[in-house]
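Trainee: For reference, the structure I am asking about is given below.
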Amino acid sequence: MSERELKRDLAILPISVVRELTGLSDRQIRYYDQQDLIAPQRGAGKQRRYSLNDIDRLIEIADYMDAGYTVADIHEMDAKKHRQSEENPDAQMRKVFADELLRIGRFDNSRHF
């Protein structure tokens with residue numbers, strides 16, 4: 001990874017910024033943390049610090065909730081995704097590889113492997 005690439009897992013964003021980026025309230029964000037749907041890191045004063053990956057996850061959770069899913073449903077979907085990735089690591093690796101090729105512009109997604 002080049003030094004100029006965005007570090008999506010770097011937890012530096014305070015909840016006020018997360019609130020603005022996601023449109024969620026502080027209460028909703030904390031609730032998703034309490035329900036183990038996200039796991040923000042903690043700063044020196046025990047404040048939650050969020051990464052860009054956490055922002056993506058919060059938006060995904062909000063979309064699920066808006067579609068009528070419950071917290072239990074989301075946990076179940078997460079567990080299913082985890083099981084699938086463990087059951088077929090080759091397929092997961094191919095997806096990661098294809099995503100990376102798309103990202104660097106060396107893969108035409110109109111063609112398939």
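Trainee: Based on what the data block shows, is residue 37 part of a loop (DSSP other than H, G, I, E, B) and modelled with pLDDT of 95 or more?
Mentor: The answer is yes for residue 37.
Trainee: Given the options 78, 99, 54, name the one that is assigned by the TED database to the domain that holds residue 9 and open to solvent by less than 80 Å² (accessible area, probe 1.4 Å).
Mentor: 54
Trainee: Looking only at residues that are open to solvent by less than 70 Å² (accessible area, probe 1.4 Å) and of a type in the set (D, E, K, R) in the range 26-41, which one is nearest to residue 79 (Cα to Cα)?
Mentor: Per the stated criteria, the residue is 33.
Trainee: Quick one: which of 44, 62 is surrounded by fewer than 17 Cβ atoms within 10 Å (Cβ to Cβ), closer than 14 Å to residue 23 by Cα and assigned by the TED database to the domain that holds residue 23?
Mentor: Among 44, 62, only 62 is surrounded by fewer than 17 Cβ atoms within 10 Å (Cβ to Cβ), closer than 14 Å to residue 23 by Cα and assigned by the TED database to the domain that holds residue 23.
Trainee: Let me ask something else. Please enumerate the residues belonging to the range 3-25 that are in a helix (DSSP H, G or I) and either in the same structural domain as residue 74 (by the TED database) or open to solvent by 40 Å² or more (accessible area, probe 1.4 Å) (or both).
Mentor: Listed by number, the residues that qualify are 16, 17, 19, 20, 21.
The values are calculated or read from the model by the stated rules, or taken from the named source; none is laboratory data. Please read all numbers here as calculations on a predicted model, not as lab measurements. With ideal geometry, Cβ positions are generated from the backbone for all residues, glycine too; neighbour counts draw on all protein chains shown. These accessible areas exclude ligands, DNA and RNA; they are computed on the full protein's heavy atoms, side chains included. Shrake-Rupley method; radii C 1.70, N 1.55, O 1.52, S 1.80 Å.
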